[in-house]
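The values are calculated or read from the model by the stated rules, or taken from the named source; none is laboratory data. The model shown is predicted, which means the values in this text are computed figures rather than measured ones. Quick reminder, even Gly has a Cβ in these numbers, built from the backbone with ideal geometry, and neighbours come from all protein chains shown. SASA here: full protein model, heavy atoms, side chains in, ligands and nucleic acids out. Shrake-Rupley method; radii C 1.70, N 1.55, O 1.52, S 1.80 Å.
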Amino acid sequence: MSLKLVNISKIFKDPDHANKEVVAVEDVNLEINEGEMVSFLGPSGCGKTTTLRIVSGFENPTTGEVWLGDKMINDLPPNKRDTAMVFQSYAIFPHLSVGQNIAFGLELKGVKADIVKKEVEAIMATMNLTELYNRSPDQLSGGQQQRVALARSIINKPSVLLFDEPLSNLDAKLRDLMRFEIRRIQQSFGITSIYVTHDQAEAMTVSDRIVVMNEGHIMQVGTPFEIYSHPANKFVADFIGRVNFLDSIVEEKNKDGKYLVHIGKNVKLINSSTGNFTKGDKVLTVIRPESLTVSIGEKDSGSVYNGVVEKAVYLGATVEYDIMVDGREIISAVTHNPVIEGVFKSGDRVNIDFDPAAAHLLGE
Amino acid sequence: MSDTWGRRSLRQLRQIANDPLLLIVILVILASLVLFIIYPLSKVIITSFLPDGKFSFSVFKEVFSSWYLRQAFYNSIMMGILTAVAGVGVGFVFAFTLARTDIPFKKFFHLIAIIPIISPPFIGALSIIMLFGNNGFISDHLLHLQNIKIYGFRGLLFAQVVTFFPVAYITLRGVLDSISPTLEDAALDLGGTRFKVFRRVTLPLALPGIASAMLILFVETLADFGNPLILAGSQFPILSVQAYLQITGMYDLPKGSALALILLVPSISVFFLQKYWVSRKKYVTITGKPTSSTLKSVSPIAKWILFAVCTFFALTIILIYAAILWGAFVKVWGFNNTFTLDHFKYVFSVGFGAVKDTLIIAGISTPIAGILGMVIAFLVVRKEFPLKHFMEVSSMLSFAVPGTVIGIGYVLAFNSHPLLLTGTLLILLLNFIFRYVPVGIQSGVAILRQVDPSIEEAAIDLGADSRSTFRRVTLPLMVPAFFSGLIFSFVRAMTAISAVIFLVSSNWNLMTVQIMSQVESGRLGAAAAFSVILVLIILAAILIIRAILTLKYGRFGGTTLKF
């Protein structure tokens, strides 16, 4: 089912100061389509978990409406909402066996015992949990607990599945594995899902669309590709991956909407999806380190910058450089073919250039 | 300020109103707390300040103009302070020795230090009379002393220290166990001598615990009734006993109430001082890894000195219990040492009513107190509602209020229509339930603070309403705490005397009260036999509850047991 958030705000009372208020979420509007998986991505305290808890019903929005399909569900308590949450701590009932944990929701609905058993066994089979039926939760590994929590949520066939940082308690290797597992299961059941995380790589792998949040506001909504290649503002650009902001000055806007800008010693024709600039405006050219090309040599009139390598980190497949330009600005660059392109040492003079198609303008 | 409070209460009320069962439970609990804790206490205050229906200080003037009653006040306070200091001293030696050295027979020492907690508090007094009294085994038989002054200050102090040092031991053992020994290792490593490490690291870290233990012992000694009744004698008046004598001996309710109030004020102030100030000043040792003690912080000489001290106290306690046991099996203590079962025959014939009554009363009241405690703990930790703070404080109040005060309050509150309860089973049950509900609350709160709230949210999320969440998730998780709380409240109910001595009747009597009257009439053998049976019942109950727990919850890898 589709999910819609309309003008959602949440204001908390500061527990230490009775008269102070903390705005956790402000004026959030969002539509999530049927079967879509959307990530809420942002630093801690950005309001992503609060928004999730408003959807699940554990928090009431101060203002705004939550719509599930064509029903407004603001006044529905969490136990009557057709949403299912996978908790950060898994929240597996320690006094029940794995099978009893997964059966919990169906039993509450009054489903007959033999049908419950059949359904539990079926879902456990799809999630590779079959042998664990009678296990007690404290005998499970982290990954198994995660799967039990997921199975317990999915068996109720909820309209919306909510993940609250579900992988943050797993080690790195398992985390990578479970991302794909979660995505596979979500797609095979076709459940509309929200996935809260502060890990951008996680958000990129699991989601159809990413909602980047900061300080209670939505910063940008888009596919992983849009978010990474066309960040709507400085925060998004900086939060998702590494980025360079190059000081630039607008010369003119051409007829197909691109801008001719001065960057360093050069002029480039660059796209902007966000701003509307005129001649003389100071803007930022946003460019990812991997989109820069680095070549050794003294000042080359064709390149954007010429600088000195400050630091070079050789990682095998890639080399990461910090390059000092004009004696003040540090630009990060990543090269991908060290065997062919060579590895430069700190102190080397290098030229930096890029293809304007990879860049993107933002207002300051 | 009051405006925001009002608005918040209103919002909370609206939320609760969605859940009628919750609302009813909260209202019933609040009403019973008012009726069975606040109302009796206010009766004590009203009776002492309004002796003739109008407000006056006349009763208090009368009390403080009496040299004898003034002395009782001084004596009680002094006894409290001395017991606190000496009891915490002994308790600390035990706790430190068992936590920080590798002396032999540690389990045995631990057991010895626990036993006084599960016995009636006046066993010490009874035994001291048997050992050191006029016909005492040690004073008369071994040393041939006449007129050794065991009644009064010295005897009572000894009995109080023996009775209450285990409380200090348990508190301080917990404190010392939570101080990571690696801190002491680090201090040694930095070049401190062992004594310096103790003085500058261990002791300062344990200091909040020591202060807390002293305050607890002070309150408990001040409130104690059994030992002073047996041992204080007329030369050494004690407040709790004087309050009792005013009521039962002279039928002077205002004066008895005034004495109870004088007893109440220091008890309550020290209790809240301990609870809200000292107990918060504790050091938390932050370590990521589990630390194992290396037990190097005590030198071999110090270790054997501590061992000797502990052995001395352990032998004293053994002697006390041996005397009781022996006294229960000889014809006339001090005169005729032939073996007999007469005392037990007496207990199982004439005295069996009291045994039966005690079991019925403790058996009914402690599970109810336990469940009520769990429900209150749940409400206090997990729910928001107006008067929540009142519920928390008033339900914990009976921890602080001396039993004598509660007993007098119940006599005053429930001796007339429409609440004529004196002489009934109900008054004893109510008294026990509301006196031991804090035990359950404490263990319930402790366990709930450890249960991740998202476990309950998960149940709600899966479609459970608040009732089935509590029944199917919260309650099962609280069961181990319920049972361990049950053990403590059962022990306390079985050994209680100070409040119930006002409430027993010819229809409903209790073993502790029976033991008291046997002692008073000089039948030490029967008193000893009663005491032996009482301790055996308590031990059996503990073993049964433990067995149920391991049987039922052992299969979850023991994790639910550990809570």
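When B:Pro237 is tested against the conditions (1) in a helix (DSSP H, G or I); (2) surrounded by fewer than 24 Cβ atoms within 10 Å (Cβ to Cβ); (3) not basic (Lys, Arg), the lone failure is (1). Given the conditions (1) open to solvent by less than 10 Å² (accessible area, probe 1.4 Å); (2) of a type in the set (A, V, I, L, M); (3) assigned to a helix (DSSP H, G or I), and given that A:Met204 satisfies all but one, which numbered condition is not satisfied? Unmet for A:Met204, out of (1) open to solvent by less than 10 Å² (accessible area, probe 1.4 Å); (2) of a type in the set (A, V, I, L, M); (3) assigned to a helix (DSSP H, G or I): (1). Taken over the stretch A:215-263, residues that are open to solvent by less than 10 Å² (accessible area, probe 1.4 Å), under 26 Å from A:Glu26 (Cβ atoms) and outside any helix (DSSP H, G or I) amount to 4. Scanning the stretch B:547-562 turns up no residue that is open to solvent by 50 Å² or more (accessible area, probe 1.4 Å), within 14 Å of chain A (Cβ to nearest Cβ), closer than 23 Å to A:Tyr90 by Cα and polar (S, T, N, Q).
When B:Ala496 is tested against the conditions (1) closer than 24 Å to B:Ile114 by Cα; (2) surrounded by fewer than 21 Cβ atoms within 10 Å (Cβ to Cβ), the lone failure is (2). Among the conditions (1) within 27 Å of A:Val23 (Cβ to Cβ); (2) part of a loop (DSSP other than H, G, I, E, B), A:Leu96 misses just one, which is (1).
Please enumerate the residues belonging to the stretch A:128-143 that are part of a helix (DSSP H, G or I) and buried (at least 20 other Cβ atoms within 10 Å of the Cβ). Break it down stepwise before answering.
As a first pass, look at the stretch A:128-143 and keep what is part of a helix (DSSP H, G or I): A:130-132, A:137-139, A:142-143.
A:Leu132, A:Pro137 - these are the residues of the stretch A:128-143 that are part of a helix (DSSP H, G or I) and buried (at least 20 other Cβ atoms within 10 Å of the Cβ).
For the stretch A:64-80, a tally of residues being assigned to a loop (DSSP other than H, G, I, E, B), open to solvent by 70 Å² or more (accessible area, probe 1.4 Å) and within 14 Å of another protein chain (Cβ to nearest Cβ) returns 1. Restricting the search to helices (runs of 4 or more DSSP H) fully inside the stretch B:145-207 and requiring at least 3 residues that are touching a Leu at 6+ places or on another chain (Cβ under 6 Å) and of a type outside the set (Ser, Thr, Tyr) gives B:153-178.
Is one or more of the residues making up the stretch B:16-31 closer than 24 Å to B:Asp224 by Cα and not basic (Lys, Arg)? Outline the logic, then answer.
From the stretch B:16-31, those closer than 24 Å to B:Asp224 by Cα are none; that's our starting set.
No, the stretch B:16-31 contains no residue that is closer than 24 Å to B:Asp224 by Cα and not basic (Lys, Arg).
Comparison of B:Phe470, B:Phe488, B:Phe483 shows that the only residue that is without any contact (Cβ under 8 Å) to a residue 60 or more places away in the chain and more than 8 Å from chain A (Cβ to nearest Cβ) is B:Phe488. Restricting to the stretch B:307-332, give me the number of residues that are over 21 Å from B:Val513 (Cα atoms) and open to solvent by less than 30 Å² (accessible area, probe 1.4 Å). Residues meeting the conditions: 5.
The single condition among (1) within 14 Å of chain B (Cβ to nearest Cβ); (2) open to solvent by less than 10 Å² (accessible area, probe 1.4 Å) that A:Ile92 does not satisfy is (2).
Among the residues of the stretch A:16-31 satisfying the criterion of being open to solvent by 20 Å² or more (accessible area, probe 1.4 Å) and part of a strand (DSSP E or B), which is farthest from the other protein chains (Cβ to nearest Cβ)? Outline the logic, then answer.
Of all residues in the stretch A:16-31, those open to solvent by 20 Å² or more (accessible area, probe 1.4 Å) come to A:16-23, A:26-27, A:29, A:31.
Among the residues that remain, those that are also part of a strand (DSSP E or B) are: A:21-23, A:26-27, A:29, A:31.
Working: A:Glu21: 11, A:Val22: 15, A:Val23: 18, A:Glu26: 21, A:Asp27: 23, A:Asn29: 25, A:Glu31: 23 Å.
Result: A:Asn29.
Somewhere in the stretch A:26-36, is a residue among the acidic types (Asp, Glu), within 17 Å of the chain's Cα centre (by Cα) and within 20 Å of A:Val86 (Cα to Cα)?
So in the stretch A:26-36, the residues among the acidic types (Asp, Glu) come out as A:26-27, A:31, A:34, A:36.
Now restrict to residues that are within 17 Å of the chain's Cα centre (by Cα): A:31, A:36.
If we keep only those that are within 20 Å of A:Val86 (Cα to Cα) as well, we get A:36.
For the stretch A:26-36, residues among the acidic types (Asp, Glu), within 17 Å of the chain's Cα centre (by Cα) and within 20 Å of A:Val86 (Cα to Cα): present.
Scan the stretch A:144-162 residue by residue and report those that are small (Gly, Ala, Ser), under 11 Å from A:Ile191 (Cβ atoms) and either over 23 Å from the mean Cα position of the chain (by Cα) or open to solvent by 10 Å² or more (accessible area, probe 1.4 Å) (or both). If the condition is that a residue be small (Gly, Ala, Ser), under 11 Å from A:Ile191 (Cβ atoms) and either over 23 Å from the mean Cα position of the chain (by Cα) or open to solvent by 10 Å² or more (accessible area, probe 1.4 Å) (or both), then A:Ser159 is the only one that fits. Inside the stretch A:95-113, can you point out the residues that are open to solvent by less than 30 Å² (accessible area, probe 1.4 Å) and at the interface with chain B (Cβ under 7 Å from one of its Cβ atoms)? Scanning the stretch A:95-113 gives A:His95, A:Phe104, A:Gly105. For the stretch B:452-478, filtering for residues that are open to solvent by 10 Å² or more (accessible area, probe 1.4 Å) and in contact with a His (Cβ under 8 Å, 6 or more places away or on another chain) leaves 1.
Scan the stretch A:181-192 residue by residue and report those that are under 13 Å from A:Arg147 (Cβ atoms) and open to solvent by 50 Å² or more (accessible area, probe 1.4 Å). Within the stretch A:181-192, just A:Arg184 meets the criteria.
Only a single criterion out of (1) at pLDDT 90 or above; (2) buried (at least 16 other Cβ atoms within 10 Å of the Cβ) is not satisfied by A:His360, namely (1). Can you find, within the stretch A:32-63, the residue that is nearest to A:Val22 (Cα to Cα) among those that are within 14 Å of another protein chain (Cβ to nearest Cβ) and among the charged types (D, E, K, R)? So the residue we want is A:Glu59.
Could you tell me whether the stretch A:1-15 includes any residue that is under 30 Å from A:Gly143 (Cβ atoms), open to solvent by 10 Å² or more (accessible area, probe 1.4 Å), at pLDDT below 90 and among the aliphatic types (A, V, I, L, M)? Within the stretch A:1-15, one or more residues are under 30 Å from A:Gly143 (Cβ atoms), open to solvent by 10 Å² or more (accessible area, probe 1.4 Å), at pLDDT below 90 and among the aliphatic types (A, V, I, L, M).
B:Gly463: more than 14 Å from chain A (Cβ to nearest Cβ), touching a Gly at 6+ places or on another chain (Cβ under 7 Å) and closer than 30 Å to A:Ile102 by Cα, yes or no? No, not satisfied.
For the stretch A:114-143, the tally of residues that are under 17 Å from A:Ile185 (Cβ atoms), of a type in the set (S, T, N, Q) and within 14 Å of chain B (Cβ to nearest Cβ) stands at 0. Scan the stretch A:163-180 for residues that are in a loop (DSSP other than H, G, I, E, B) and crowded, with 22+ Cβ neighbours inside 10 Å and the total you get is 2.
Counting only helices (runs of 4 or more DSSP H) that fall entirely inside the stretch B:385-451 and contain at least 1 residues that are open to solvent by 10 Å² or more (accessible area, probe 1.4 Å), closer than 22 Å to B:Phe470 by Cβ and outside the structural domain of B:Tyr251 (by TED's automatic domain parsing), the qualifying elements are B:388-400, B:425-450.
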